[in-house]
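First the structure, in the form of structure tokens, and then the observations on it.
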Amino acid sequence: MAVAERLDGEIVSADAFAVYRGLDIGTDKPSLEDRRRVRHHLIDVADPVEAYSAGAFSDAARAAIAEIKGRGRLPVVAGGTHFWIRALVVGLFPSPPRDPVIGARLAAQWTADPESVFARLVEIDPEAAQRIGSRDRQRILRALEVWELTGDPLTSHWRRQRAGARFDPLFVVPNLNRHELYAKINARADHLFSSGLVKEVERILASGVPHDAHALKAIGYREVVDMLRGLCDLATAIEGTKKSSRNLAKRQLTWLRRLREGTVHQVAPAGDGGASAAIGLWQQHTKGRANQ
């Protein structure tokens, strides 16, 4: 918010679940007041029964960025889903068409034993497995389908992707030590539940969204769905949300260390001068350059 305000910018959300209408508390969407202060894009653009993809995000984000730049303002991409950011910056490899027979077989295997399906991906493509995580059914099954269709693991396709960078971005992340980061994650999970996350999930399910919808695979939502289905109690759901969030943060840090699309600059958190540092880095980044 501070960077966008001071650089006359607009924010493009890169959060894979803030795109869904009705998923407000668990995704910690910006308040209406914040959205009045700074214009936001790609929030509340999909129905929870849809499965909004990285490709759809990339197309919509590029359109939003062109619109923002056309008004002479600065696009500030913020959040959350690093695979989506990569799709935006360098594009996606030409994916083979889906095979309904293979897809149905993999889906049945996942229903019967998801752990063994993920273990298969770990064996075939450990790098993709680490990036995707063990709970993302949609991407795990697609990675296995691509491997069966092409004979190459998904990581090989990523590495062969030669679409040049579409932008010249500055990558900035807040720097927190692991203890501070995990403390914030745990506090955030407690806040989500005390703010009404369970009632939000009940309302979403009552609206007709199935419990296995992709939107409800988001951290926090899936734990509440399990609780409402009688698979765990409230304390377990809260602790599961904390653990899943910490695991996600660990994978994100690994992704940032391996980033190939540019240098990642670490700055202090926003309250400790991080916004000013980010603005200084942007000024250096754009010095003497045109058409950023």
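Values in this text are rule-based calculations from the coordinates and carry no lab data. Remember, it's a predicted structure, so these values are computed and weren't measured experimentally. Ideal geometry is used to build each Cβ from the backbone, glycine not excepted, and the neighbour counts take in all protein chains shown.
For this structure, a couple of remarks:
- Less than 5 angstrom separates the built amide H of LEU74 from those of GLY9, GLU10, all sequence-distant by 5 or more or on a different chain.
- Cross-link reach list, aspartates and glutamates versus LYS29, counting only Cα pairs under 14 Å and skipping chain neighbours closer than eight places: ASP15, ASP44, GLU200
- Among the listed pairs LYS217/LYS243; LYS69/LYS217; LYS69/LYS184; LYS184/LYS250; LYS199/LYS250, those whose Cα-Cα separation exceeds 25 Å are LYS69/LYS217; LYS69/LYS184; LYS199/LYS250.
- Rounded to whole Hz, the Karplus (6.51, -1.76, 1.60) HN-Hα couplings of segment 259-267, x for glycine and proline: 4, 9, 8, x, 7, 8, 9, 9, 10
- Count Lys and Arg as plus one, Asp and Glu as minus one, and take only other residues whose Cβ is under 13 Å from that of ALA87; the net charge is then +3.
- Per residue of the chain, the DSSP helices (runs of n ≥ 4 H) give a summed -39500 (n - 2.57) that works out to -17000 deg cm²/dmol at 222 nm.
- GNM result for the chain, Cα springs below 10 Å: residue of ALA183, ALA51, ALA16 fluctuating most strongly: ALA183
- From the alpha carbon centroid of segment 4-75 to that of segment 231-279 is 19 Å.
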